[in-house]
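For reference, the structure discussed in these notes is given below.
Where a number appears in this text, it was derived from the coordinates with a stated rule and is not lab data. Everything numeric here is computed off the predicted structure, so don't read it as measured data. Positions of Cβ are generated from backbone atoms using ideal geometry, with glycine treated the same way; all protein chains shown enter the neighbour counts.
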Amino acid sequence: MHSLPDTPVSPTVAVLDGDAEPAHCRAGLAAADAPPADGTALAPAEEFPETLEGLPLVELQVLHSRVTRQVEREYLSPEGPHPLTRDRHCDVAAELAARGLPRVG
């Protein structure tokens, strides 16, 4: 027969205090606004085109991918998505929609 511990164990404490957190979360994230080492995301500190209308579709799609990747990256930070990244994401999605492509994200 199993016995109960002398002090109650909170499931929340067990998850936050133990090794239940994935290793990639424990490793620590670089500052969300710092440019990523692999270039797959577009940090707020990096250059962004002033106008999106003149970009070729492929470049616009790559830009959308990088901005979306940055949004995902920033959601992992305690501060959440940077306002500039959210604005960029909306701008790129709006330009894709203006070109007749379905809105993504």
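Residue 86 to residue 45: extension gain in nm, 0.36 nm per residue of separation minus the Cα-Cα distance?
Length difference between fully extended and current span is 13.4 nm.
Rounded, prolate or oblate: which one fits segment 30-98, using the alpha carbon gyration tensor with axes a ≥ b ≥ c (rounded when a/c is under 1.5, else prolate when a/b beats b/c, else oblate)?
prolate
In what sequence, highest mean first, do 41-52, 58-69 appear when ranked by Cβ atoms within 10 angstrom?
Per-residue Cβ counts within 10 Å, averaged per peptide and sorted highest first, yield 58-69, 41-52.
Taking K and R as +1 and D and E as -1, what net charge do the other residues with C-beta under 11 Å from the C-beta of residue 52 add up to?
-3
Please work out how much length the chain gains when fully extended from residue 59 to residue 79, using 0.36 nm per residue of separation minus the C-alpha to C-alpha distance, in nm with one decimal.
Length gained between residue 59 and residue 79: 4.3 nm.
What list of ³J(HN,Hα) couplings, whole Hz, do you get for segment 71-76 from phi and the Karplus terms 6.51, -1.76, 1.60, once you set θ to phi - 60° and write x for glycine and proline?
Computed from phi, the couplings for segment 71-76 are 4, 4, 5, 6, 4, 7 Hz.
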